Amino acid sequence: SKVLVYNPSTASYQEKAADNPAWACYDLVHRAKKLYNTQTLEYNYAIFGVPAGKMIYQDFADWADFCDSRGLKANYYVEKSTDLWSALKDIEGAGRGKVILRGTRFGAICDKPSDPVQLFTVGNIIRDTFKEEFLPMKDRANSLEVSFNNAAKNHERDVVTVYADDYDTTDRVKNPTQVTMNAITDWAQACKEAKYRLRLNKYLTR
């Protein structure tokens, strides 16, 4: 239920909720364990992943706060041997974020409101290289089927279908699509995720 996270401001390890997608990803990369040393009769921290100095704590803390504010949780069991990036993918999806490399350090980004940090104009792009594409509305999905392991049904595979706001009033062809969320186990969160992705599909037009 808890994972160990190193906080550089206090120079100590803290326990964080393991079902917060940000901290779950942090733990998957860092993998700190508190073990009892029978020789010294003291507890020591053993690191099985990336050293704490290579983790950008504030990136994960900001992402964790975003997940808490949106009620985003991840319940996922890594049951097979795979590479790190593949193992992170399902947990990242539940938290609407991504673990990234900033040079040689591991940081994170998430889809939270923020101020613009860069603006592209004719003054800072190479001449004749600008290209813009639009996806026609008729090709966009207007309903979404989310497949997930429902904890209320003993973690059996379940599917919830969510429709776009204009699904009944639009005259365009009904265009459903499917998405699998392996780290989500709650029906309400699955519905929330589907609505979020349908809004992305509606408003991200370029």
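The values are calculated or read from the model by the stated rules, or taken from the named source; none is laboratory data. Model, not experiment: these values are computed from the prediction. Positions of Cβ are generated from backbone atoms using ideal geometry, with glycine treated the same way; all protein chains shown enter the neighbour counts. With ligands, DNA and RNA removed, areas are computed over all heavy atoms of the protein, side chains included. Shrake-Rupley method; radii C 1.70, N 1.55, O 1.52, S 1.80 Å.
Tell me, please, whether a residue that is without any contact (Cβ under 8 Å) to a residue 12 or more places away in the chain, within 25 Å of ASN20 (Cβ to Cβ) and surrounded by 11 or more Cβ atoms within 10 Å (Cβ to Cβ) can be found in the stretch 141-153.
For the stretch 141-153, residues without any contact (Cβ under 8 Å) to a residue 12 or more places away in the chain, within 25 Å of ASN20 (Cβ to Cβ) and surrounded by 11 or more Cβ atoms within 10 Å (Cβ to Cβ): present.
When the stretch 85-133 is examined, which residues are found to be in contact with a helix residue (DSSP H, G or I) (Cβ under 9 Å, 6 or more places away or on another chain) and assigned to a helix (DSSP H, G or I)?
Selection gives ALA87, LEU88, ILE91, GLU92, GLY93, ALA94.
Quick check on the stretch 183-206: of everything there that is open to solvent by 40 Å² or more (accessible area, probe 1.4 Å) and in a loop (DSSP other than H, G, I, E, B), which residue is nearest to VAL159 (Cα to Cα)?
Filtering first and then ranking leaves ASP186.
Among what's in the stretch 60-84 and is of a type in the set (A, V, I, L, M, F, W, C) and modelled with pLDDT of 95 or more, pick the residue that is surrounded by the fewest Cβ atoms within 10 Å (Cβ to Cβ).
Within the stretch 60-84, the match that is surrounded by the fewest Cβ atoms within 10 Å (Cβ to Cβ) is ALA61.
Given the criteria polar (S, T, N, Q), open to solvent by 60 Å² or more (accessible area, probe 1.4 Å) and touching a strand residue (DSSP E or B) at 6+ places or on another chain (Cβ under 6 Å), does GLN178 qualify?
So GLN178 fits the description; yes.
Results for (1) within 14 Å of GLY93 (Cα to Cα); (2) at pLDDT below 85, shown as yes or no for each residue.
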position: MET137; (1), (2): no, yes
position: SER147; (1), (2): yes, no
position: ASP158; (1), (2): no, no
position: ASP165; (1), (2): no, yes
position: ASP168; (1), (2): no, yes
position: LYS174; (1), (2): no, yes
position: THR177; (1), (2): no, no
position: ALA183; (1), (2): yes, no
position: LEU198; (1), (2): no, no
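What are the pairs, 6+ residues apart or on separate chains, where a residue within the stretch 195-206 that is of a type in the set (Ser, Thr, Tyr) has its Cβ under 8 Å from a residue that is surrounded by 16 or more Cβ atoms within 10 Å (Cβ to Cβ) and part of a loop (DSSP other than H, G, I, E, B)?
TYR196/ARG96
Residue under question is VAL160, and the condition is that it be over 14 Å from the mean Cα position of the chain (by Cα), part of a strand (DSSP E or B) and aliphatic (A, V, I, L, M); does it hold?
Yes, satisfied.
Can you say whether ILE100 is within 14 Å of the chain's Cα centre (by Cα) and crowded, with 17+ Cβ neighbours inside 10 Å, as far as the supplied structure shows?
Criteria not met by ILE100.
Within the group ASP83, ASP128, ASP68, which residue is of a type in the set (D, E, K, R) and in contact (Cβ under 8 Å) with a residue 12 or more places away in the chain? Working first, answer last.
On the way: ASP83 fails: in contact (Cβ under 8 Å) with a residue 12 or more places away in the chain; ASP128 fails: in contact (Cβ under 8 Å) with a residue 12 or more places away in the chain.
Step by step, each of ASP83, ASP128, ASP68 is checked, and only ASP68 is of a type in the set (D, E, K, R) and in contact (Cβ under 8 Å) with a residue 12 or more places away in the chain.
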